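The following block contains the structure, expressed as structure tokens.
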Amino acid sequence: MEGASSAQQPGKKIVWKPYVVNEMEYEASFPEKKSNTLSRDLIDYVRYMIQNHGENYKEMARDEKNYYQDTPKQIKRKINVYKNFYPEEYKEFIASLKPEKMDVQ
């Protein structure tokens, strides 16, 4: 039997730099930072797409303002993220669009 490994428990590793482990454990003890906001660019992008195309994601993907070259699925995902982050603002935005659509018809 080897001297070092016999005293060591199976599966345990020798820690040569405990200060690194201590620092990592300290950082891990903090609650995870949540980003509770979306970028203004993303909000404007999503609102523009909804305002001009409703729920037609294929049309949105072909729009010249689709600078990110998002696919219809990616655009839909971004809109859903916006809905989840700002449900009240989204409802108000959709409600504000309804009268405009009625005037056009």
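The values are calculated or read from the model by the stated rules, or taken from the named source; none is laboratory data. Quick caveat: nothing in here was measured; it's all calculated off a predicted structure. Don't worry about glycine lacking a Cβ; one is built from the backbone with ideal geometry, like all the others, and counts go over all protein chains shown. Heads up: the accessible areas ignore ligands, DNA and RNA and are worked out on the full protein's heavy atoms, side chains in. Shrake-Rupley method; radii C 1.70, N 1.55, O 1.52, S 1.80 Å.
Tell me which residues, restricted to the range 67-91, are of a type outside the set (Phe, Trp, Tyr) and over 15 Å from Gly54 (Cα atoms). Give the derivation first.
Here is the first cut: in the range 67-91, the ones of a type outside the set (Phe, Trp, Tyr) are 69-81, 83-84, 87-89, 91.
Hits for the range 67-91 are Gln69, Asp70, Thr71, Gln74, Val81, Asn84, Pro87, Glu88, Glu89.
Among the numbered conditions (1) under 25 Å from Asn36 (Cα atoms); (2) at pLDDT 90 or above, tell me where Asp63 comes up short.
(1)
OK, next. Determine which single condition Ile43 fails, assuming it passes every other condition in (1) open to solvent by 80 Å² or more (accessible area, probe 1.4 Å); (2) under 18 Å from Lys91 (Cα atoms).
(1)
Mind listing whichever residues of the range 46-80 are surrounded by 12 or more Cβ atoms within 10 Å (Cβ to Cβ), without any contact (Cβ under 8 Å) to a residue 12 or more places away in the chain and either touching a Lys or Arg at 6+ places or on another chain (Cβ under 6 Å) or among the acidic types (Asp, Glu) (or both)?
Glu59, Asp70, listed by residue number.
What about Ala28, is it within 16 Å of Asn80 (Cα to Cα), more than 14 Å from the chain's Cα centre (by Cα) and at pLDDT 80 or above?
Numbers: within 16 Å of Asn80 (Cα to Cα): no; more than 14 Å from the chain's Cα centre (by Cα): yes; at pLDDT 80 or above: yes.
No, not satisfied.
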